[in-house]
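Below is one structure, written out as structure tokens; the observations come after it.
Values in this text are rule-based calculations from the coordinates and carry no lab data. Treat the numbers as computed from the prediction; the structure is a model and nothing was measured.
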Amino acid sequence: MITHGNIVATAAAVITVIPELNRKDVYLAYLPLAHVFELAAESVMVAMGYRIGYGSPLTLTDISNKIKKGTKGEASELKPTLMAAVPAILDRVRDGVLKKVEDTGGLAKTLFTFAYTHRLAAV
């Protein structure tokens, strides 16, 4: 069972592990608050007095499913410096990047593919 003490301890640990955070940072919250990862992340932001911008997984990027054509997603508008990431959302971000690279084509696509392949090999 997760207790309030667990969340407070997690927030305290994050604050000590990431000492570079400052009041200029912007956190983009997009997970449901019922998600324990989001609750812990927002607890850190509130405890430290940092800014929080709220979004949705369906409107994060300019090419997200629920974005009206010609408008910008939360990530473009807020320019966050912090986000909690879960695999399903990272897959959407990757798909968006790959689609944009594919649409660009040419040298940009070749360079991106080369860099991406080499980075994966390094990891």
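Assign one of three labels to the range 1-83, namely rounded, prolate or oblate, based on the Cα gyration tensor with a ≥ b ≥ c the square roots of its eigenvalues; rounded applies when a/c is under 1.5, prolate when it is not and a/b is larger than b/c, and oblate otherwise. Intermediate results must be reported in sequence, preceding the final value.
Working: a/c = 3.52, a/b = 1.71, b/c = 2.06.
Oblate, since a/c reaches 1.5 and b/c is not below a/b.
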Next item on the list: Mind pulling the angle between the C-alpha long axis of helix 4-17 and the longest principal axis of the chain? Nearest 10 degrees, somewhere in 0 to 90.
Entry: 60
Margin query: Just to be sure I follow the rule: in the chain, considering lysines 8 or more places apart or on different chains, how many pairs have Cα atoms under 21 Å apart?
Written below: 16
Check: Extension gain residue 94-residue 16, at 0.36 nm per residue separation less the Cα-Cα distance, in nm?
Finding: 25.1 nm
